[in-house]
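Participant: Below is one structure. I have some questions about it.
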Amino acid sequence: MSIKPDKWIRRMAQEHGMIEPFVERQVREEGENRLISYGVSSYGYDVRCANEFKVFTNINSATVDPKNFDAGSFVDVISDVCIIPPNSFALARTVEYFRIPRNVLTICLGKSTYARCGIIVNVTPLEPEWEGHVTLEFSNTTTLPAKIYANEGVAQMLFFESDEECEVSYKDRGGKYQGQRGVTLPRT
């Protein structure tokens, strides 16, 4: 990048609709409420999760199989807070909708605030020309229930710009998660 990363992110969001809605500064509080930060950071963008969650529960004693996933293994929750059971996980989606340019690779990483509580966000790439809401996976590695807050920062996106466009993009391949909206379960 030949310009400062935070300025690059602002330009890409404003000129190319890379992130919508876009918050061009880091937000840490709203009125009297302290928040887990979201918005533009020094070298990335801190995303928020929406208030739609799918919390894993194995009431059916199912085997977790990515080729034949049982949607009945989740309980749908609409709330500003999600409680993840001990040693379990939940899915959510970003508030932000992404349109990744053809010459950019994006990596989603967890925020240290949650990691320090034993809550891990799965590391995942957003490939060139992928677009949609990002489905996030939160693993509660502790033996206690864990809390995730909707509409606050949960993960950071890091952007890697190439001098050249990729030969075959996610869109070119007809990727199975292209254009996803809402929390999306595994597909094969």
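The values are calculated or read from the model by the stated rules, or taken from the named source; none is laboratory data. Nothing here was measured: the structure is a model prediction, and the numbers come from that model. Note that we place each Cβ from the backbone using ideal geometry, even for glycine, and neighbour counts take in every protein chain shown.
Participant: Would you check which residues across the range 55-92 are part of a strand (DSSP E or B) and farther than 30 Å from residue 160 by Cα and list them?
Facilitator: 55, 56, 74, 75, 76, 77, 78, 81, 82, 83, 84
Participant: Would you mind stating whether residue 125 is part of a strand (DSSP E or B), surrounded by fewer than 15 Cβ atoms within 10 Å (Cβ to Cβ) and not β-branched (Val, Ile, Thr)? If you could, list the steps in order and put the result at the bottom.
Facilitator: Values: part of a strand (DSSP E or B): yes; surrounded by fewer than 15 Cβ atoms within 10 Å (Cβ to Cβ): yes; not β-branched (Val, Ile, Thr): yes.
Yes, satisfied.
Participant: With the requirement that a residue be surrounded by 15 or more Cβ atoms within 10 Å (Cβ to Cβ) and at pLDDT below 90, what does the range 11-23 give you?
Facilitator: 12, 13
Participant: Out of (1) modelled with pLDDT of 90 or more; (2) among the polar types (S, T, N, Q); (3) over 18 Å from the mean Cα position of the chain (by Cα), what's the single condition that is false for residue 51?
Facilitator: (3)
Participant: Residues of the range 55-80 being aliphatic (A, V, I, L, M), exposed (fewer than 12 other Cβ atoms within 10 Å of the Cβ) and touching a strand residue (DSSP E or B) at 6+ places or on another chain (Cβ under 8 Å), which ones?
Facilitator: 78
Participant: Mind counting the residues in the range 93-108 that are in a strand (DSSP E or B), out of contact with any His (no Cβ under 9 Å at 6 or more places or on another chain) and either buried (at least 16 other Cβ atoms within 10 Å of the Cβ) or charged (D, E, K, R) (or both)?
Facilitator: Residues meeting the conditions: 4.
Participant: While we're here: Give the residue, chosen from 155, 146, that is touching a residue at least 12 places away in the same chain (Cβ under 8 Å), surrounded by 15 or more Cβ atoms within 10 Å (Cβ to Cβ) and under 12 Å from the mean Cα position of the chain (by Cα). Step through it out loud before you land on a result.
Facilitator: Values: 146 fails: under 12 Å from the mean Cα position of the chain (by Cα).
Among 155, 146, only 155 is touching a residue at least 12 places away in the same chain (Cβ under 8 Å), surrounded by 15 or more Cβ atoms within 10 Å (Cβ to Cβ) and under 12 Å from the mean Cα position of the chain (by Cα).
Participant: Could you tell me whether residue 34 is without any contact (Cβ under 8 Å) to a residue 60 or more places away in the chain, surrounded by fewer than 17 Cβ atoms within 10 Å (Cβ to Cβ), of a type outside the set (A, V, I, L, M, F, W, C) and part of a strand (DSSP E or B)?
Facilitator: yes
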